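Notes follow once the structure below has been shown.
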Amino acid sequence: MKKIFGVLFCLMAGQAAANDCNVTIEATDSMKYNMAEINVPASCGDVTLTLKHVGSLPRNVMGHNWVLTKAADATAVQNASMAAGLANEYVPAGSPKVLAATKVIGGGQVDTITFNVADLKGQDLSFFCSFPGHWAIMKGKLTVS
Ligand code: CO
């Protein structure tokens, strides 16, 4: 009996920790994310982020991605995204300013990425959709505590 409780406790503890390190963010046909702030503990190490497009418009019309940069780098990455184009997921290829990025997805699609936050603790971080024109509205802050 003791053993069973021990196993249950481990499963529950593991699940709680995993949930803190798993983030799901939704994006809509009306050009919005469903959250403007994401908080994750640095102790996660790797964070898994899932972007869900809950609308129905195709990715070339109302595509959304989720891009993470230092706040100070956001404008430079946004300005470079147009030149990168949809073929490059609206992300400048190989840019060290891009800390993490999903693909550009359309309605009904999902993309999941994993990135490490151990070195991002306490930094001023921005997330946004880099589809041209979207980042003015589709943006928020990631806090690694
Ligand atoms: Co978008």
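The values are calculated or read from the model by the stated rules, or taken from the named source; none is laboratory data. This is a predicted model, so every value here is computed, not measured. Using ideal geometry, Cβ is built from the backbone for each residue, glycine included, and neighbour counts are taken over all protein chains shown.
A residue that is part of a loop (DSSP other than H, G, I, E, B), at pLDDT below 95 and out of contact with any helix residue (DSSP H, G or I) (no Cβ under 7 Å at 6 or more places or on another chain) occurs nowhere in segment 47-54.
Against the list (1) part of a loop (DSSP other than H, G, I, E, B); (2) at pLDDT 95 or above, the condition residue 61 fails is (1).
How many residues are within 12 Å of the ligand (Cβ to nearest atom) and outside any loop (DSSP other than H, G, I, E, B) if we restrict to segment 123-145?
Total meeting the criteria: 3.
Cβ-Cβ distances below 7 Å connect no pair with a first residue in segment 55-78 that is closer than 20 Å to residue 115 by Cα, a second residue that is modelled with pLDDT under 95 and near the ligand (Cβ under 10 Å from one of its atoms), and a separation of six or more residues or different chains.
Please determine whether any residue of segment 73-92 is within 18 Å of residue 38 (Cα to Cα) and part of a helix (DSSP H, G or I).
yes
Of everything in segment 107-122 that is in contact with a strand residue (DSSP E or B) (Cβ under 6 Å, 6 or more places away or on another chain) and not in a strand (DSSP E or B), the residue that is farthest from the ligand (Cβ to nearest atom) is 121.
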